[in-house]
Amino acid sequence: MKVTVVGAGAVGASCAEYIAIKDFASEVVILDIKEGLAEGKAMDLMQTASLNGFDTKITGSTSDYSKTAGSDIAVITSGIPRKPGMTREELIGINAGIVKDVATNLVKHSPDVILIVVSNPMDTMTYLTHKVSGLPEHRIIGMGGALDSARFKYRLAEALEAPISDVDGMVIGGHSDTGMLPLTRLATRNSVPVSEFLSEERLEQVKEDTKVGGATLTKLLGTSAWYAPGAAVSALVQAIACDQKKMFPCSVKLNGEYGLKDICIGAPVLIGRNGIEKIVEIELDEKEKQKLSESAEGVRKTNALLEA
């Protein structure tokens, strides 16, 4: 199992670290355009192998895509990160060109690869990858929902004063501060609806805190977060590599599911060795359907900027 991570910044390096520590991949290749950065991070990570008990081989490369040849899975983290006050959508001009070039080069050297898109605006970058890569739809996955759901569960556990292992919940919709749809109605604590424990007002606060989860961290850190995004990516990569058939909300190309077509947006999917094994349609109430429709309109507006 060979995994490539394109982008050796904080998110890319965290992806590589978590994948290596879980020890399910034989090789992880880190690639970056900055001279020596990927090689340095790979060497630094390899020097943790005896301490962390993994045998995954980690190598770095400066812009040499031939080193990525034969990758089973590739993660695209390339692009500029958010700065305080920026929306994910504001990154589209620069990041679209980068993602297009990266996806094309990855597929050229690994025609059977499964691509995981992390670069923002993530839903639009996933849609762009469908347009330029020529890969089957089930082999292109946008990462956002897995991260948003982890942030949702963190906020739920905080509100419940419960261990996070007690909590389950999911975020669908667009990976944006306004487009996310945390499904509070379906969230549970050990199978008991969280509404049994939390007031409507407190649940609304959880929802809003979840939606601005990335912006909150960007304000505190001065740039995008990296630990949780890296962990979310590694969970997706492991689900593919180990054929877990695990359910995650991911940005997926819809063809009529949820009443939406020709759009990539967060929906629950089963992830296994083929990538997206199945899109899961859950029953939404009228308010949730309306919110998802509004979220889709926001994503379409950003998609339209690709043509600008």
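The values are calculated or read from the model by the stated rules, or taken from the named source; none is laboratory data. Just so it is clear, the structure is predicted and the values come from calculations on it, not from any experiment. Counting neighbours? That spans all protein chains shown, and the Cβs are built from the backbone with ideal geometry, glycine included. Areas reflect the complete protein model, heavy atoms only, side chains present, ligands, DNA and RNA absent. Shrake-Rupley method; radii C 1.70, N 1.55, O 1.52, S 1.80 Å.
Computed values, structure above
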quantity: Residues within the range 11-38 that are touching a Pro at 6+ places or on another chain (Cβ under 8 Å) and either open to solvent by 20 Å² or more (accessible area, probe 1.4 Å) or at pLDDT below 95 (or both), tallied; calculated: 1
quantity: Test: residue in the range 167-176 that is over 26 Å from ILE116 (Cα atoms), open to solvent by 70 Å² or more (accessible area, probe 1.4 Å) and within 23 Å of the chain's Cα centre (by Cα); calculated: no
quantity: Subset of the range 105-123 that is touching a Gly at 6+ places or on another chain (Cβ under 9 Å) and in a helix (DSSP H, G or I) - its residue that is surrounded by the most Cβ atoms within 10 Å (Cβ to Cβ); calculated: ASP123
quantity: Any hit, the range 209-226, residues being touching a strand residue (DSSP E or B) at 6+ places or on another chain (Cβ under 8 Å), over 30 Å from ALA8 (Cβ atoms) and either modelled with pLDDT of 95 or more or open to solvent by 30 Å² or more (accessible area, probe 1.4 Å) (or both); calculated: no
quantity: Among the candidates LYS41, LYS67, LYS57, residue that is charged (D, E, K, R) and crowded, with 21+ Cβ neighbours inside 10 Å; calculated: LYS41
quantity: Any hit, the range 79-88, residues being outside any loop (DSSP other than H, G, I, E, B) and either among the acidic types (Asp, Glu) or touching a helix residue (DSSP H, G or I) at 6+ places or on another chain (Cβ under 6 Å) (or both); calculated: no
quantity: Criterion violated by GLY222 - all others in (1) closer than 17 Å to ILE140 by Cα; (2) more than 15 Å from the chain's Cα centre (by Cα); (3) not charged (D, E, K, R) satisfied; calculated: (1)
quantity: Contacts under 9 angstrom Cβ, first residue in the range 39-51 being more than 14 Å from GLY7 (Cβ to Cβ), partner in a helix (DSSP H, G or I) and not small (Gly, Ala, Ser), 6 or more apart; calculated: LEU45/GLU17; THR48/GLU17; THR48/ILE21
quantity: Cross-chain or 6+ apart pairs with Cβ under 6 Å, the range 148-172 first and assigned to a loop (DSSP other than H, G, I, E, B), then surrounded by 18 or more Cβ atoms within 10 Å (Cβ to Cβ) and hydroxyl-bearing (Ser, Thr, Tyr); calculated: MET170/SER149
quantity: Unmet criterion (only one of (1) touching a Leu at 6+ places or on another chain (Cβ under 8 Å); (2) among the polar types (S, T, N, Q); (3) within 30 Å of GLY79 (Cα to Cα)) for THR184; calculated: (3)
quantity: Those residues of the range 255-308 which are open to solvent by 50 Å² or more (accessible area, probe 1.4 Å) and polar (S, T, N, Q), in sequence order; calculated: ASN255, ASN274, GLN290, SER293
quantity: Number of the exception - ARG185 against (1) open to solvent by 10 Å² or more (accessible area, probe 1.4 Å); (2) more than 20 Å from SER295 (Cα to Cα); (3) more than 21 Å from the chain's Cα centre (by Cα); calculated: (2)
